[in-house]
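For reference, the structure discussed in these notes is given below.
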Ligand SMILES: Cc1cc2nc3c(=O)[nH]c(=O)nc-3n(C[C@H](O)[C@H](O)[C@H](O)COP(=O)(O)OP(=O)(O)OC[C@H]3O[C@@H](n4cnc5c(N)ncnc54)[C@H](O)[C@@H]3O)c2cc1C
C-alpha cells in the first residue's frame, strides 16, 4: 500500500496509525497531527466526512429530514441518551434544505421567556460547538444590532431588552450615535427612516451554515448512526394510531419512534400521517453582493424596512429580505425580491447602491401564526414533530436538537420543549414572537 514518499515516512505513519487504531479513532479527529501526517502522504488518507448508508429493515428511531435540526436531534440522542440505532432519512442531500440556504444569523434576543430559553441554550451551545463536533463551524460572535427606525419599534425593542435582562440574556439598547460608532457605513439621519436607537446583542453573530450540518452529520456517523441520503419518505405506516414505520423511495423501514424534522415540507408529511399542522409554507429569499473589502463587522437587522445584512468571510454582503407574499414551494429567487430588498436597505446603507449583486436563492420555510416553533408529540403514538422555525431556525439548531432528543427519549417534552407543543394552538396559549421575527431571523 502507498503511504508516503520514503520508507522513513512509511514507518512513521504505520507507528502513528497503530497508536490511533488502539485508541479506536483512526483519522476520525481533525487535528494538527492528522493534518501534519496527511501533508506527508499527499492527503490520501482522509476519509469521507460521513458514511453513506442504505437503509436497514428496522431502527429504534427514524429522523425524517437531514437538515440541521434533524441531525442535531440524532446527535443529542446518541450523546445524551446513548441511543445510536437511528436512521436520518433525507430526500436530497445533507444540508440541502434551509440549513444550507440561510443567512446564518445567530441571536437569542427574543421577547417571551420560553423562546429566550431555547434560543439562549442554542446560542450557548454554539459557543463551543466547533470543539465539541471537532469541526470548524466558524462561529463568529461579532454582535447583532436590531435597528429601531420608528417610535413603535423603539418601544418594542426596549421591552425586549427588559425581557432579556430579566432572563439573563446579555443585550442592551444603544443610541443612534453608538450605532454609528459600531457601524460607520450606516446613515442614521433618514429622512424616511432615521435610526432612533438599536437593540445590541454583543455575543450574537454568525456561523458557517453548511458546516453546522456537516459537523453534526460527521459526528452522527462517528456514533454509528445511519445517514441515508436520496431517500424520500412517501408514506407513514401505522397500526391502530401507533407508528410502525415509514414507506420510502428505498423501501419500507420499521421503527417504533419517528420524528419529522422537515421544515417547509412538514405539512406534506403530516398529511401522510393523517393530521393537519397550523403551518404555511412560503419561499424566503436572500442574495449576496460581489465581494468587497471589509466594511461591516457585525450583523445589522432593519426590521421596519425589511432587510438585514452582514459581510461574509469572502467579502460578499449577505443580504436578506422578507418572505414571499403568498404560499408556495418554489425553492428559488426572483428579480422582484432583489429590487425590493435592495431598495429597502439603500437609505440606511447608501453604499449598497454601488454594488453589483452576485447571486440569490430561496428556501421553503414553515411559518406558524405566532412565529414560534413546534416541538411536540402528535396525534399518532410514537410520532414526534419538530417544525415551524419559519425564518429563524438556524440559530436554534443545537438547542432544538437537544430538546427534541429529550422529548423522543422520554416520550414527553422536557422543560425547554414543552411550551412549544402543538396543543397551544387549540388552547390559545400562543408564544407571540411576531415582533422578533417580523422581518426574518
Ligand atoms: C433565505 C433564508 C434565510 C434564513 N436566514 C436565517 C438566519 O439568518 N438565521 C436563522 O436563524 N434562520 C434563518 N433561516 C431559517 C433557517 O434556515 C431554518 O429555520 C432552518 O434551517 C430549518 O432547519 P431544518 O433542519 O428544520 O430544515 P431544513 O434544513 O430545511 O431540513 C429539512 C430537510 O428535510 C428534507 N425533507 C423534506 N421532506 C422530506 C421527505 N418527505 N423525506 C425525506 N426528507 C425530507 C429536506 O430535503 C430538508 O433537507 C433562513 C431561511 C432562509 C430560506
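Taken together, the values in this text are just the output of simple stated rules run on the coordinates, not laboratory data. These figures come from a predicted structure and were not determined experimentally. Neighbour counts are summed over all protein chains in view; Cβ atoms, including those assigned to glycine, are modelled from backbone coordinates with ideal geometry.
Need one word for the range 229-310: rounded, prolate or oblate. Basis is the Cα gyration tensor (sqrt eigenvalues a ≥ b ≥ c); a/c below 1.5 gives rounded, then a/b vs b/c decides. It comes out prolate by the Cα gyration axes. Looking at the chain, send over the antiparallel percent of its DSSP beta bridges, to the nearest 5. Of those bridges, close to 70 percent are antiparallel. The base-10 log of I(q)/I(0) for the range 93-177, evaluated at q = 0.23 Å⁻¹, reads -1.19 [Debye formula, identical scatterers on Cα atoms, solvent excluded].
For the chain, the square roots a ≥ b ≥ c of the C-alpha gyration tensor eigenvalues yield an a/c of 1.5 or more together with a/b not exceeding b/c, which makes the shape oblate. Going by the alpha-carbon gyration tensor, a ≥ b ≥ c the square roots of its eigenvalues, is the range 45-113 rounded (a/c under 1.5) or, if a/c is not under 1.5, prolate (a/b greater than b/c) versus oblate? Prolate, because a/c is 1.5 or more and a/b exceeds b/c. Largest GNM mean-square fluctuation across 244, 300, 144, computed for the chain with C-alpha springs under 10 Å, falls on 244. In whole percents, the pair-distance distribution calculated for the range 143-267 from its alpha-carbon pairs, binned every 10 Å from zero, is 10, 24, 18, 16, 20, 11, 1.
Contact order for the chain, expressed relative to its length and based on alpha carbon pairs under 8 Å spaced 6+ residues apart, stands at 21 percent. Taking all Cα pairs closer than 8 Å and separated by 6 or more residues, the relative contact order of the range 274-345 comes to 38 percent. Between 103, 404, 368, the GNM of the chain built on Cα springs shorter than 10 angstrom shows 368 fluctuating the most. For the options 167, 386, 98, a Gaussian network treatment of the chain with springs between C-alpha atoms closer than 10 Å singles out 167 as fluctuating the most.
The length gained on full extension between residue 327 and residue 223, counted as 0.36 nm times the residue separation minus their Cα-Cα distance, comes to 33.6 nm.
So what is the 222 nm mean residue ellipticity for the chain from helices alone, if each DSSP H run of at least 4 adds -39500 (n - 2.57) and you divide by all residues, rounding to the nearest 500 deg cm²/dmol? Write out the running numbers ahead of the final one.
Values: 12 runs with 133 residues, N = 441.
Taking each H run of at least 4 residues, the total per residue is -9000 deg cm²/dmol.
Look at where the Cα atoms of the range 252-327 and of the range 62-83 average out, and the two centres are 20 Å apart.
Can you sort 76, 329 so the residue with the fewest Cβ neighbours within 10 Å comes first?
Arranged by neighbour count, lowest to highest, 76, 329 become 329, 76.
Shown here are the Rg and Dmax of the Cα trace of the range 127-170, at 15.5, 45 Å.
Between residue 339 and residue 232, take the C-beta separation as r, use R0 = 41 Å, and let me know the FRET efficiency to the nearest 0.05. About 0.70, to the nearest 0.05. Modelled label positions at residue 170 and residue 152, each set 7 Å beyond Cα in the direction of Cβ, lie 3.3 nm from each other.
How high is the relative contact order of the range 356-403, in percent, with contacts defined as C-alpha pairs under 8 Å that are six or more residues apart?
Answer for the range 356-403 is 34 percent.
Taking packing as the residue-averaged number of other Cβ atoms within 10 angstrom, the listed peptides 83-92, 190-199 run from highest to lowest as 83-92, 190-199.
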